[in-house]
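Peer 1: This is the structure I want to talk about, given as structure tokens.
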Amino acid sequence: MKIVSKISLLLAATSPLTSAFAPSTTGAMRRALALRAGEKLPITATEEVMSQKKHGTSDKPVQKDLRWKCDYDTADRICNFNRHYAEHAGYWTSTTFLNEVDRENPTEYYDSVTGELLFTAPVGRTMEEYLKESQSHGWPSFRDEEVNWDFVRCLPDGECVSTSGTHLGHNIPDKNGNRYCINLVSVAGRPEE
């Protein structure tokens, strides 16, 4: 019975119809499947994903109209021409993020280069808990169940990246598990149509 349920969930999560009509639901179903199947998180990648491309480690610059009034030049530098540094601690609180974020429903965070859905938060905790943890660490902080593993990977050194080569931040585990400290400028994109 359990095998049939997992297969049904896998088929639903990978169905072209599901993907076409509900991408965030599909990502949530895939996350749930990975966690239920006991997949070890984070999902890792090799250095190949961060190889030089047309525009640094990505094929193109960040989107021009980033959400929350994130600075374009800072975002492009951190996303595409950086492997080790971050926006300054607390940068995200100097943007319009705290005034604009939905306090009642989870927020979707998109790759600033490709527009792919990378994170959805909060999941399994309140917005107050999510913001408190993020403020205590200085960057938006996501947990395993908030990551869209279709497009997010971690390198062996803890660097967190998108599958297209966008530098996102770092996995800095704590007593509660994996904690992905992510630059807001890296996830301030808009979904591309």
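Peer 1: Examine the stretch 41-48 for a residue that is farther than 17 Å from Leu168 by Cβ and either among the hydrophobic types (A, V, I, L, M, F, W, C) or free of Cβ contacts under 8 Å to residues at least 12 places away in the same chain (or both), and state whether such a residue exists.
Peer 2: no
Peer 1: Okay, next question. Can you tell me how many residues within the stretch 159-193 are within 15 Å of Val49 (Cβ to Cβ) and part of a loop (DSSP other than H, G, I, E, B)?
Peer 2: 4
Peer 1: Quick check on my filter: what residues within the stretch 105-122 are of a type in the set (Val, Ile, Thr) and farther than 13 Å from Glu192 by Cβ?
Peer 2: Thr107, Thr120
Peer 1: Follow-up. Test Glu100 against the stated conditions and say whether it is modelled with pLDDT of 95 or more, farther than 24 Å from Tyr72 by Cα and out of contact with any strand residue (DSSP E or B) (no Cβ under 7 Å at 6 or more places or on another chain).
Peer 2: Criteria not met by Glu100.
Peer 1: Check the stretch 128-138 and report whether any residue there is in a loop (DSSP other than H, G, I, E, B) and of a type in the set (D, E, K, R).
Peer 2: Taking every residue of the stretch 128-138 in turn, none turns out to be in a loop (DSSP other than H, G, I, E, B) and of a type in the set (D, E, K, R).
Peer 1: Give the residue that is surrounded by the fewest Cβ atoms within 10 Å (Cβ to Cβ), with candidates limited to residues of the stretch 120-151 that are farther than 15 Å from Leu98 by Cβ and of a type in the set (Ser, Thr, Tyr).
Peer 2: Filtering first and then ranking leaves Thr126.
Peer 1: Something else: Considering each residue of the stretch 42-67, count those that are under 15 Å from Gly115 (Cα atoms) and of a type outside the set (S, T, N, Q), and give that number.
Peer 2: Of the residues in the stretch 42-67, 8 are under 15 Å from Gly115 (Cα atoms) and of a type outside the set (S, T, N, Q).
Peer 1: Taking only pairs six or more apart or across chains, which ones have beta-carbon atoms under 7 Å, a first residue in the stretch 128-141 that is assigned by TED's automatic domain parsing to the domain that holds Trp92 and within 19 Å of Ala188 (Cβ to Cβ), and a second residue that is of a type in the set (Ser, Thr, Tyr) and outside any strand (DSSP E or B)?
Peer 2: Cβ pairs passing all conditions: Pro140/Ser134; Ser141/Ser134.
Peer 1: Looking at (1) touching a residue at least 12 places away in the same chain (Cβ under 8 Å); (2) over 16 Å from Asn171 (Cα atoms), find the lone condition where Arg83 falls short.
Peer 2: Answer for Arg83: the failing condition is (2).
Peer 1: What are the residue pairs meeting all of these: first residue in the stretch 53-67, first residue in the same structural domain as Glu116 (by TED's automatic domain parsing) and closer than 8 Å to Gly165 by Cβ, second residue basic (Lys, Arg) and buried (at least 20 other Cβ atoms within 10 Å of the Cβ), Cβ atoms under 6 Å, and 6 or more apart or on different chains?
Peer 2: Close Cβ pairs (under 6 Å, with a partner that is basic (Lys, Arg) and buried (at least 20 other Cβ atoms within 10 Å of the Cβ)) do not exist here.
Peer 1: With (1) outside any helix (DSSP H, G or I); (2) crowded, with 19+ Cβ neighbours inside 10 Å as the list, and Asp102 as the residue in question, which single condition is left unmet?
Peer 2: (2)
Peer 1: Exactly one of (1) modelled with pLDDT of 90 or more; (2) over 16 Å from the mean Cα position of the chain (by Cα) is unmet by Leu10. Its number?
Peer 2: (1)
Peer 1: Condition first: crowded, with 16+ Cβ neighbours inside 10 Å, in the same structural domain as Pro173 (by TED's automatic domain parsing), in contact (Cβ under 8 Å) with a residue 60 or more places away in the chain and assigned to a loop (DSSP other than H, G, I, E, B). Can you find one or more residues in the stretch 87-94 that meet it?
Peer 2: yes
Peer 1: Taking the residues in the stretch 45-71 that are touching a helix residue (DSSP H, G or I) at 6+ places or on another chain (Cβ under 9 Å) and hydroxyl-bearing (Ser, Thr, Tyr) as candidates, determine which candidate is surrounded by the fewest Cβ atoms within 10 Å (Cβ to Cβ).
Peer 2: Result: Thr57.
The values are calculated or read from the model by the stated rules, or taken from the named source; none is laboratory data. Being a predicted model, the structure only gives us computed values, none of them experimental. Methodologically, a virtual Cβ is constructed for each residue, glycine included, from the backbone with ideal geometry; neighbour enumeration extends over all protein chains shown.
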